[in-house]
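The values are calculated or read from the model by the stated rules, or taken from the named source; none is laboratory data. Model, not experiment: these values are computed from the prediction. All Cβ positions, even for glycine, are placed from backbone atoms using ideal geometry, and neighbour counts span all protein chains on display.
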Amino acid sequence: MKVLVVGGAGYIGSHVAKALMQSGHTVTVFDNLSSGQKINLFSQNVFVEGNILDYKALCQAMKGHDAVVHLAAKKAVGESMENPMLYSVNNISGSINILNAMVETGAKYLVFSSSAAVYGMPDKSLIDENTPLNPINYYGFTKLEIEKFMQWYDQLKNIKFVALRYFNAVGYDADGDIRGKEINSQNLLPIIMEVLSGKRSELKIFGNDYPTPDGTCIRDYIHVSDLASAHVLALEKLAQGMASQSLNLGTGKGTSVKEMVEAVEKVSGRKVPVVYAPRRAGDPAILIASADKARSLLGWKPAYTDICKIVQTVYSIN
Ligand code: UFG
């Protein structure tokens, strides 16, 4: 297939572009390099620098492609609450442009990077796709709205889609082919790595009084290369006639904040200084994916299930 990877120079997008290429697809990367980086591009791919808000440029780049993978979005939860306008324009208007451009250019299949944030604060810890959709931040709201737009475009314009609801994306390409470290990440593992590099003096653990075995929050950390392989399978299944779907992507295994710190200490052989800080607003105690639907519909299986092996891929790029 000829695939336009929108946001393909970014952290997850570059891993998706690599996985598509390795499966024999032809890739064009469309990225405005706002958080994506040129060093994440592969010479085999065509690169078009452009913005999804520029509808003409988007159509131009999309022409002749069968499919689109859409990963171009703002994704900082806190920022989305302070500046919802930015998220309305980039995430929602940008995605509408992509859908309209697909109708205009005849691209048929869309894989969209959605998020576990569409579930909000679920009252159970193992989350399947039937869990009520109830985002508690504006970022999650934008992802859910885009899923709804895609359902309408499927019904009205026959655009077939898979929305992949990522749990906590971590890690880097183990072959070292992707060299750009994610810029300014506010997530746990990149922050721990900044403590190790001396950029921060300590890790603040947000809350140690949660109803979990060690008192810290539990998340489902999924390796970025496993996310990437799911995109390839989703596109290929769509082309084989699979109906549009929303699918969770996670390992089904939880890791607490303390366990993550311990994993980094084990891999690096160094102590990570920590302090306990108050709970962060909006953090559920436990979020673990049931990804059975992705496993059975796509035949997908995460290769990384050991948190130390995941941390190793981060440690080697730092
Ligand atoms: N944490 C700390 N200290 C820090 C940073 C994080 O203790 O300095 C804790 C958080 O409180 C949380 C856990 O580490 O318990 C993970 O936090 P992240 O910020 O890395 O990730 P979140 O689970 O909050 O959210 C991430 C993405 C969201 C996505 C969600 C899906 O940032 O976009 O996963 O599960 F929606």
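Listed here are the residues, each with its yes/no results for (1) among the hydroxyl-bearing types (Ser, Thr, Tyr); (2) crowded, with 18+ Cβ neighbours inside 10 Å; (3) modelled with pLDDT of 95 or more.
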position	(1), (2), (3)
VAL6	no, yes, yes
HIS15	no, yes, yes
GLY24	no, no, yes
ASP31	no, yes, yes
SER43	yes, no, no
ASP54	no, no, yes
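Out of (1) under 19 Å from LEU71 (Cβ atoms); (2) in contact with a Phe, Trp or Tyr (Cβ under 7 Å, 6 or more places away or on another chain), the odd one out for LEU133 is which?
LEU133 satisfies every listed condition except (1).
Would you mind finding the one in SER113, SER95 that is within 23 Å of GLU236 (Cα to Cα), within 14 Å of the ligand (Cβ to nearest atom) and buried (at least 23 other Cβ atoms within 10 Å of the Cβ)?
Working: SER95 fails: within 14 Å of the ligand (Cβ to nearest atom).
Selected residue: SER113, the only one of SER113, SER95 that is within 23 Å of GLU236 (Cα to Cα), within 14 Å of the ligand (Cβ to nearest atom) and buried (at least 23 other Cβ atoms within 10 Å of the Cβ).
It is to be established whether one or more residues within the stretch 265-275 are assigned to a helix (DSSP H, G or I), exposed (fewer than 14 other Cβ atoms within 10 Å of the Cβ) and at pLDDT 95 or above.
Checked against the condition, which is being assigned to a helix (DSSP H, G or I), exposed (fewer than 14 other Cβ atoms within 10 Å of the Cβ) and at pLDDT 95 or above, the stretch 265-275 yields at least one hit.
For the stretch 123-155, which positions are of a type outside the set (A, V, I, L, M, F, W, C), surrounded by fewer than 17 Cβ atoms within 10 Å (Cβ to Cβ) and in contact (Cβ under 8 Å) with a residue 12 or more places away in the chain?
Those that are of a type outside the set (A, V, I, L, M, F, W, C), surrounded by fewer than 17 Cβ atoms within 10 Å (Cβ to Cβ) and in contact (Cβ under 8 Å) with a residue 12 or more places away in the chain: SER125, ASP128, PRO132, ASN134, GLN151, ASP154.
Quick grid of which residues meet (1) without any contact (Cβ under 8 Å) to a residue 12 or more places away in the chain; (2) assigned to a helix (DSSP H, G or I); (3) out of contact with any Leu (no Cβ under 8 Å at 6 or more places or on another chain); (4) over 20 Å from GLY13 (Cα atoms):
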{"position": "ILE52", "(1), (2), (3), (4)": "no, no, no, no"}
{"position": "LYS56", "(1), (2), (3), (4)": "yes, yes, yes, yes"}
{"position": "ALA61", "(1), (2), (3), (4)": "no, yes, no, no"}
{"position": "HIS65", "(1), (2), (3), (4)": "no, no, no, no"}
{"position": "ALA72", "(1), (2), (3), (4)": "no, no, yes, no"}
{"position": "MET81", "(1), (2), (3), (4)": "no, yes, yes, yes"}
{"position": "LEU86", "(1), (2), (3), (4)": "no, yes, yes, yes"}
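All but one of (1) touching a residue at least 12 places away in the same chain (Cβ under 8 Å); (2) over 26 Å from ALA285 (Cβ atoms) hold for ALA76; which doesn't?
(2)
Any chance you could count how many residues in the stretch 130-148 are more than 12 Å from the ligand (Cβ to nearest atom) and either aliphatic (A, V, I, L, M) or farther than 22 Å from THR255 by Cβ (or both)?
Count: 8.
I'd like the residue in the stretch 181-201 that is more than 17 Å from HIS223 (Cβ to Cβ) and surrounded by 18 or more Cβ atoms within 10 Å (Cβ to Cβ) and, out of all such residues, is nearest to the ligand (Cβ to nearest atom).
Of everything passing the filter in the stretch 181-201, VAL195 is nearest to the ligand (Cβ to nearest atom).
Go through (1) more than 8 Å from the ligand (Cβ to nearest atom); (2) outside any loop (DSSP other than H, G, I, E, B); (3) not polar (S, T, N, Q) one by one and return the number of the condition LYS204 breaks.
Unmet condition: (1).
Kindly indicate whether any position in the stretch 53-73 is small (Gly, Ala, Ser) and within 16 Å of LYS143 (Cα to Cα).
So far as the stretch 53-73 goes, yes, one or more of its residues are small (Gly, Ala, Ser) and within 16 Å of LYS143 (Cα to Cα).
Give me the pairs, please: first residue somewhere in the stretch 194-208 and closer than 16 Å to ASN184 by Cβ, second residue anywhere and within 7 Å of the ligand (Cβ to nearest atom), beta-carbon distance under 8 Å, and either six or more positions apart or on two chains.
Between residues of the stretch 194-208 that are closer than 16 Å to ASN184 by Cβ and residues that are within 7 Å of the ligand (Cβ to nearest atom), the close pairs are VAL195/LEU203; ARG200/ILE191.
Out of the stretch 217-259, which residues are more than 13 Å from the ligand (Cβ to nearest atom) and in a loop (DSSP other than H, G, I, E, B)?
Residues satisfying the conditions are GLN240, GLY241, MET242, ALA243, SER244, GLY252, LYS253.
Restricting to the stretch 252-281, and then to whatever is of a type in the set (Ser, Thr, Tyr) and under 22 Å from TYR210 (Cα atoms), can you tell me which residue is farthest from the chain's Cα centre (by Cα)? Quick ask: steps written out before the conclusion?
Step one: filter the stretch 252-281 for residues of a type in the set (Ser, Thr, Tyr), giving 255-256, 268, 276.
Then keep just the ones that are under 22 Å from TYR210 (Cα atoms); that gives 255-256, 276.
Values: THR255: 18, SER256: 20, TYR276: 28 Å.
The extreme case among them is TYR276.
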